[in-house]
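What follows is one structure encoded as structure tokens, with my remarks underneath.
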């Protein structure tokens, strides 16, 4: 039987707090400085989980950094896959993702087939996830590395159809992503339209720069909000707390 401990924890967070706040950490060497300090700030800021992953690693120490994050984290550490080379035993769970929005078969099923036996051997919890890359107004690393075109923000029917396909393929989460450093976040109206058509939780990330914007995503229907650039640029525990408070709409 598949372990669903982390997934059920995420669902309980959503039920209790209204939505969950997740911080993305890139385990590349460019993010190495102050890694321990970042995790400690995350622990003390009301963050609900940590995603770890990036589109490109520039050295061979990813596993060591993930081990460090895991040793310090007091919340679940979840692999946000950027490639098979980043897979190791230190994660609590993996978003077993397909880039549903793309037409590159390698990222629809190729990487997943390569990863599956390793994931089983490592015993990592699997959370099937449909990933939709939207056009955030800048060329993202995901777009380039995956060789896939993003979905236009102004064509909601395309996003809805892809999200439904993800649900019907048995995914447990849908990830709407505008891309790291996006100029434009996923529009609130688009989130509302997707949520009206699907029955599984929605993760929204990319270009969310203020707590107020994060709360708007939750009010539009996002079950989880992800930020990454904020901690890279700010590394400020107070800002993380403000994001967590904004996302946790059920808490006073």
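Annotations
- The listed residues are 134, 72, and the only one of them that is within 19 Å of residue 205 (Cβ to Cβ) and at pLDDT 95 or above turns out to be 134.
- Residue in the range 201-211 that is in a helix (DSSP H, G or I) and within 30 Å of residue 28 (Cβ to Cβ) present: yes
Per-residue answers, yes or no, for (1) touching a residue at least 12 places away in the same chain (Cβ under 8 Å); (2) buried (at least 22 other Cβ atoms within 10 Å of the Cβ); (3) closer than 17 Å to residue 95 by Cβ:
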{"site": "137", "(1), (2), (3)": "yes, no, no"}
{"site": "143", "(1), (2), (3)": "yes, no, no"}
{"site": "147", "(1), (2), (3)": "yes, no, no"}
{"site": "154", "(1), (2), (3)": "no, no, no"}
{"site": "157", "(1), (2), (3)": "no, no, no"}
{"site": "164", "(1), (2), (3)": "yes, no, no"}
{"site": "169", "(1), (2), (3)": "yes, no, yes"}
{"site": "172", "(1), (2), (3)": "yes, no, yes"}
{"site": "175", "(1), (2), (3)": "yes, yes, yes"}
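- Restricting attention to the range 143-174 and to residues that are in a helix (DSSP H, G or I) and touching a strand residue (DSSP E or B) at 6+ places or on another chain (Cβ under 6 Å), the residue that is nearest to residue 82 (Cα to Cα) turns out to be 146.
- Filtered by the rule that a residue be modelled with pLDDT under 95 and in contact with a helix residue (DSSP H, G or I) (Cβ under 6 Å, 6 or more places away or on another chain), the range 75-85 gives a lone residue, 84.
- Pairs linking a residue in the range 179-199 that is over 21 Å from residue 149 (Cα atoms) to a residue that is in a loop (DSSP other than H, G, I, E, B), with Cβ atoms under 7 Å and 6 or more positions apart or on different chains, are 192/221; 195/221.
- Residue 117 closer than 29 Å to residue 150 by Cα and surrounded by fewer than 22 Cβ atoms within 10 Å (Cβ to Cβ): no
- Residues satisfying the stated conditions in the range 194-228, i.e. more than 21 Å from residue 97 (Cα to Cα) and surrounded by fewer than 17 Cβ atoms within 10 Å (Cβ to Cβ): 196, 209, 210, 212, 213, 219
- Of all residues in the range 8-49, those that are within 14 Å of the chain's Cα centre (by Cα), closer than 15 Å to residue 239 by Cα and assigned to a helix (DSSP H, G or I) total 0.
- Scanning the range 117-130 for residues that are out of contact with any helix residue (DSSP H, G or I) (no Cβ under 7 Å at 6 or more places or on another chain) and within 20 Å of residue 167 (Cα to Cα) yields 128, 129.
- Flag for residue 207 being under 22 Å from residue 54 (Cβ atoms), in contact (Cβ under 8 Å) with a residue 40 or more places away in the chain and in contact with a strand residue (DSSP E or B) (Cβ under 8 Å, 6 or more places away or on another chain): no
- The condition of being on the phi > 0 side of the Ramachandran plot, at pLDDT 95 or above and in contact with a strand residue (DSSP E or B) (Cβ under 8 Å, 6 or more places away or on another chain) holds for only one of 46, 53, that being 46.
The values are calculated or read from the model by the stated rules, or taken from the named source; none is laboratory data. These figures come from a predicted structure and were not determined experimentally. So basically every Cβ, Gly included, is an ideal-geometry build from the backbone, and we count neighbours across all protein chains shown.
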